[in-house]
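A.B. asks: I'd like to ask you about the structure that follows.
The values are calculated or read from the model by the stated rules, or taken from the named source; none is laboratory data. Since the structure is predicted, the reported quantities are computational estimates derived from the model, not experimental observations. Neighbour counts run over all protein chains shown; Cβ positions are idealised from the backbone, glycine included.
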Amino acid sequence: MSQIDTFKYVGLFTFAVLLSVLLNTIFLKFSKNLGQRHVDEGMIRWSSVTKPSLGGISFYILFLVTYSIYTIFFNRGTDLLNLQHIGILISSGMGFLMGLSDDAYNTNPLLKFLVQIACGGVLILTGTYISIFELQLFNYIFTILWVVAVMNSINMLDNMDAITTLASIFILFSALTCAWVSPDFNQFYMTTLLGVAGGLIGFLFFNWNPSKMFMGDTGSQFLGIFLAAIGIIFFWNNKGITEDEAITKQFTITVLAFIIPISDTLTVIINRLRRGQSPFVGGKDHTTHHLNYLGLTDRNVARVYIVIGFISFILIYLIVNKFHIWSHMLTALFLSFFVIVFGTLFAITQLPKTKEKFKKSNGNK
């Protein structure tokens with residue numbers, strides 16, 4: 001990359017952060033009632049304070065702005081019919097609109113599920129799908145499962161100030177690390193990844209505890225489909241990160257990149273099934289909540305996840321840049337970090353102290 005390109009990208013990222021701060025300041029000032037999530041609408045939220053859920057709108061605006069910047073200044077309109085890019089644009093728009101509708105009307109869960117499947121279908125039809133099986137049908141099915149899983153896990157993770165924002169930032173920077181060695185890497189992904197990452201960092205000023213606003217389903221659904229698509233391209237299908245066909249390397253990187261939502265979602269699903277509850281209803285039983293029950297403040301919970309995300313990012317950097325020859329031993333070594341994180345977070349949810357506080361917060365049910 002030339003010095004001019006570096007200057008452009010640094011400028012783009014700085015612009016995205018500043019525009020995000022400006023947009024969210026405007027939303028906060030003029031939209032005191034629009035997008036507020038009330039605690040009496042049958043929803044179970046950690047915060048008891050009603051706040052605007054408008055942060056997600058800024059993410060999507062930044063995505064569209066950087067998409068336009070790529071088209072006008074980097075690509076000069078010569079690649080407008082790139083199907084993969086169009087697929088990401090359409091599916092991200094579908095996720096955004098679904099989230100916006102849910103924030104406004106509390107949409108039926110079945111409709112959300114169908115839209116998530118449709119988002120995966122759009123990606124498949126436009127050439128973005130996980131390619132690890134010889135039989136193409138299995139690749140398509142796995143892609144749909146991946147998209148639905150990521151969209152729901154990101155949505156479920158949005159249960160405490162800053163957590164989803166931080167997790168998404170680390171996933172995006174991990175994708176940028178992998179993108180450098182990807183044969184699919186181009187200026188479209190560089191501009192959109194930096195734009196969305198900048199949007200999240202700008203939003204973090206408003207979402208850090210005590211938060212002034214939430215991202216809402218508008219943000220989590222958009223981030224879910226965008227991160228799912230980016231994960232397919234730069235984690236699952238990135239042939240540039242290995243010299244052979246060792247899918248275990250791609251799998252390891254994917255697990256490390258999504259370590260926070262995976263650990264939280266698995267813990268919640270296991271615990272709810274053991275209690276005979278549906279994994280898909282809201283509740284104050286996430287790993288974040290149990291860390292709070294253990295005695296950590298909301299800010300310190302966020303700091304714990306910063307440490308987890310940063311270590312995962314460093315491990316991914318080492319895998320991509322230092323370990324060109326892969327082995328099962330390295331798979332076990334790097335995945336041991338996931339086992340430690342997941343095992344620790346799950347174990348905390350089983351402590352008598354955290355269990356008792358969860359029961360009290362849940363009305364002793």
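A.B. asks: For the stretch 232-244, state whether one or more residues are among the charged types (D, E, K, R), in a loop (DSSP other than H, G, I, E, B) and under 23 Å from ILE130 (Cα atoms). Even if it seems obvious, please write down each step before you answer.
C.D. replies: Kept after step one, since they are among the charged types (D, E, K, R), are these residues of the stretch 232-244: 239, 243-244.
Restricting the remaining residues to those that are in a loop (DSSP other than H, G, I, E, B) gives 243-244.
Within this subset, residues satisfying the condition of being under 23 Å from ILE130 (Cα atoms) are 243-244.
Yes, the conditions are met somewhere in the stretch 232-244.
A.B. asks: Cβ-Cβ distance below 8 Å, separation of 6 or more or different chains: which pairs start in the stretch 1-12 with a residue that is within 18 Å of VAL196 (Cα to Cα) and aromatic (Phe, Trp, Tyr) and end on one that is modelled with pLDDT of 70 or more and loosely packed, with under 12 Cβ neighbours inside 10 Å?
C.D. replies: none
A.B. asks: Using the structure shown, decide if THR265 is under 28 Å from ASN238 (Cβ atoms), at pLDDT 95 or above and in contact with a Gly (Cβ under 8 Å, 6 or more places away or on another chain). Steps first, please.
C.D. replies: Details: under 28 Å from ASN238 (Cβ atoms): yes; at pLDDT 95 or above: yes; in contact with a Gly (Cβ under 8 Å, 6 or more places away or on another chain): no.
The answer is no for THR265.
A.B. asks: Restricting the stretch 122-144 to residues that are touching a residue at least 24 places away in the same chain (Cβ under 8 Å), more than 18 Å from LEU97 (Cβ to Cβ) and part of a helix (DSSP H, G or I), which is farthest from the chain's Cα centre (by Cα)?
C.D. replies: The residue in question is LEU125.
A.B. asks: Another question about this same structure. Farther than 26 Å from VAL147 by Cα and either crowded, with 21+ Cβ neighbours inside 10 Å or touching a strand residue (DSSP E or B) at 6+ places or on another chain (Cβ under 6 Å) (or both): which single residue out of HIS324, HIS290, HIS286 fits that description?
C.D. replies: On the way: HIS324 fails: either crowded, with 21+ Cβ neighbours inside 10 Å or touching a strand residue (DSSP E or B) at 6+ places or on another chain (Cβ under 6 Å) (or both); HIS286 fails: farther than 26 Å from VAL147 by Cα.
Going through HIS324, HIS290, HIS286 in turn, just one is farther than 26 Å from VAL147 by Cα and either crowded, with 21+ Cβ neighbours inside 10 Å or touching a strand residue (DSSP E or B) at 6+ places or on another chain (Cβ under 6 Å) (or both): HIS290.
A.B. asks: If we scan the stretch 346-360, do we find a residue that is within 28 Å of VAL147 (Cα to Cα) and surrounded by 16 or more Cβ atoms within 10 Å (Cβ to Cβ)?
C.D. replies: Within the stretch 346-360, one or more residues are within 28 Å of VAL147 (Cα to Cα) and surrounded by 16 or more Cβ atoms within 10 Å (Cβ to Cβ).
A.B. asks: Let me ask something else about it. Give me the pairs, please: first residue somewhere in the stretch 13-33 and in a helix (DSSP H, G or I), second residue anywhere and of a type in the set (Lys, Arg), beta-carbon distance under 7 Å, and either six or more positions apart or on two chains.
C.D. replies: Hits for this filter: LEU28/LYS212.
A.B. asks: Just to be sure before I move on: is THR331 under 24 Å from the mean Cα position of the chain (by Cα), part of a helix (DSSP H, G or I) and surrounded by 11 or more Cβ atoms within 10 Å (Cβ to Cβ) in the structure I sent?
C.D. replies: Numbers: under 24 Å from the mean Cα position of the chain (by Cα): yes; part of a helix (DSSP H, G or I): yes; surrounded by 11 or more Cβ atoms within 10 Å (Cβ to Cβ): yes.
In short, yes.
A.B. asks: Name the residues in the stretch 241-266 that are under 25 Å from LYS359 (Cβ atoms) and either crowded, with 22+ Cβ neighbours inside 10 Å or basic (Lys, Arg) (or both), would you?
C.D. replies: Residues of the stretch 241-266 under 25 Å from LYS359 (Cβ atoms): 263-266.
Once the filter is applied, which keeps residues that are under 25 Å from LYS359 (Cβ atoms) and either crowded, with 22+ Cβ neighbours inside 10 Å or basic (Lys, Arg) (or both), the stretch 241-266 yields SER263, ASP264, THR265.
A.B. asks: Among the residues of the stretch 166-213 satisfying the criterion of being among the aromatic types (Phe, Trp, Tyr) and part of a helix (DSSP H, G or I), which is surrounded by the fewest Cβ atoms within 10 Å (Cβ to Cβ)?
C.D. replies: So, considering only residues that are among the aromatic types (Phe, Trp, Tyr) and part of a helix (DSSP H, G or I), the one surrounded by the fewest Cβ atoms within 10 Å (Cβ to Cβ) is PHE205.
A.B. asks: Now for a different question. Only residues in the stretch 97-121 that are surrounded by 15 or more Cβ atoms within 10 Å (Cβ to Cβ) count as the first member; pair them with residues that are among the small types (Gly, Ala, Ser) and assigned to a loop (DSSP other than H, G, I, E, B), Cβ under 9 angstrom, at least 6 apart or cross-chain, and list the lot.
C.D. replies: LEU100/GLY35; ASP103/GLY35; ASP103/SER53
A.B. asks: Further, regarding this structure: Given the structure, is VAL304 modelled with pLDDT of 95 or more, within 15 Å of LEU166 (Cβ to Cβ) and either hydrophobic (A, V, I, L, M, F, W, C) or not in a helix (DSSP H, G or I) (or both)?
C.D. replies: yes
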